[in-house]
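What follows is a single structure, written as structure tokens, with notes after it.
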Amino acid sequence: MNATIHTSYTGAFAFAAPAGNLSNPAGTCPAAPGGANADLTMDFGNIQPSLGATVACTYLNAVGVSVQSNDNLGFAVYEYLDAAMPAGTNLCAFPNTGAAFPMTPGAAITTSTRSGVGPAVYAAGSCAAGGAEVKTIAGGTLHNAGGGPGQPAAAPATAEYESAGAAPAGAVDMMGQATAAGTAVLAGEDLQLNVGSTAVSGAQSSVVTLQFVSN
């Protein structure tokens with residue numbers, strides 16, 4: 001299997017620093033994203049919180065994935081957090097390739113069509129229609145441990161670690177197919193950061209894991 005991930009992806013499936021995040025509601029998100037945007041990093045910038053309600057910012061074209069596999073049973077890609085996000089915050093994923101998860105990949109990457117108004121803010125314990133909460137899941141057995149900061153057990157970004165069995169229970173079933181991907185197939189998503197009234201101020205960060213599994 002060959003797998004490639006880009007954040008802030010373009011229609012040509014390459015990284016490009018985003019011009020800005022989608023405001024929902026207007027006034028909570030910065031006009032331009034933070035300064036730490038690089039491939040495999042998403043910086044939402046300074047979000048203006050509310051003392052009375054949850055606010056949200058949606059990162060357009062947040063994560064794009066390309067997979068090529070010769071497994072005749074196909075593959076799946078799962079998404080989760082290895083450690084809980086800062087108190088008062090959570091993350092919702094929204095598909096750009098199709099209307100729901102798991103996404104069926106295609107020969108080209110699909111960019112976001114959301115503009116003007118983003119998905120509704122996380123409420124009543126769930127993401128808006130079509131979205132899925134990226135939850136905290138035990139990552140499983142780590143292989144190829146190394147020294148990359150912020151990764152589970154100090155693993156580098158290129159590390160491989162897997163859960164017992166196929167999918168970690170509760171992970172977002174991001175994309176996949178039931179046949180071999182003899183040529184590269186792709187799919188992409190937006191990510192919405194929800195900030196509650198109890199969230200603490202200051203710089204916060206979390207690591208999102210994508211797990212590639214042969215069927």
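At a glance:
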quantity	calculated
Count of region 47-86 residues which are within 19 Å of the chain's Cα centre (by Cα) and not hydroxyl-bearing (Ser, Thr, Tyr)	21
Residue within region 90-100 that is more than 17 Å from the chain's Cα centre (by Cα) and either at pLDDT 95 or above or polar (S, T, N, Q) (or both) present	no
Within region 48-59, tally of residues that are buried (at least 20 other Cβ atoms within 10 Å of the Cβ) and either farther than 18 Å from Val207 by Cα or free of Cβ contacts under 8 Å to residues at least 12 places away in the same chain (or both)	2
Within region 9-27, considering residues that are in contact with a Pro (Cβ under 8 Å, 6 or more places away or on another chain) and in contact (Cβ under 8 Å) with a residue 40 or more places away in the chain, the one farthest from Thr198 (Cα to Cα)	Pro18
Total residues in region 7-21, condition surrounded by fewer than 17 Cβ atoms within 10 Å (Cβ to Cβ) and touching a Cys at 6+ places or on another chain (Cβ under 9 Å)	1
First in region 63-77 and among the β-branched types (Val, Ile, Thr), second anywhere and assigned to a loop (DSSP other than H, G, I, E, B) and buried (at least 16 other Cβ atoms within 10 Å of the Cβ), Cβ under 7 Å, 6 or more apart	Val67/Pro105
Residue under evaluation Thr4, criteria (1) surrounded by fewer than 15 Cβ atoms within 10 Å (Cβ to Cβ); (2) assigned to a loop (DSSP other than H, G, I, E, B), criterion not met	(2)
Enumeration of residues in region 22-78 that are modelled with pLDDT under 85, of a type in the set (A, V, I, L, M, F, W, C) and out of contact with any strand residue (DSSP E or B) (no Cβ under 7 Å at 6 or more places or on another chain)	Ala26, Ala31, Ala32, Ala36
Close pairs from region 191-215: first modelled with pLDDT under 90, partner of a type in the set (Phe, Trp, Tyr), Cβ under 7 Å, at least 6 apart	Thr209/Tyr80; Gln211/Tyr78; Phe212/Phe75; Val213/Phe75; Val213/Tyr78; Ser214/Phe75; Asn215/Phe75
Qualifying residue in region 97-114 (condition: under 21 Å from Pro168 (Cα atoms), touching a residue at least 60 places away in the same chain (Cβ under 8 Å) and in contact with a Pro (Cβ under 6 Å, 6 or more places away or on another chain))	yes
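The rows are residues; the columns are (1) farther than 26 Å from Pro18 by Cβ; (2) modelled with pLDDT of 90 or more.
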site	(1), (2)
Met85	no, yes
Ala108	no, yes
Ala128	no, yes
Ala132	no, yes
Gly147	yes, no
Ala157	no, no
Ala167	yes, no
Gly176	yes, yes
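The values are calculated or read from the model by the stated rules, or taken from the named source; none is laboratory data. Fair warning: this is a prediction, and the values are worked out from it, not measured in the lab. Positions of Cβ are backbone-derived with ideal geometry, glycine not excepted, and every protein chain shown enters the neighbour counts.
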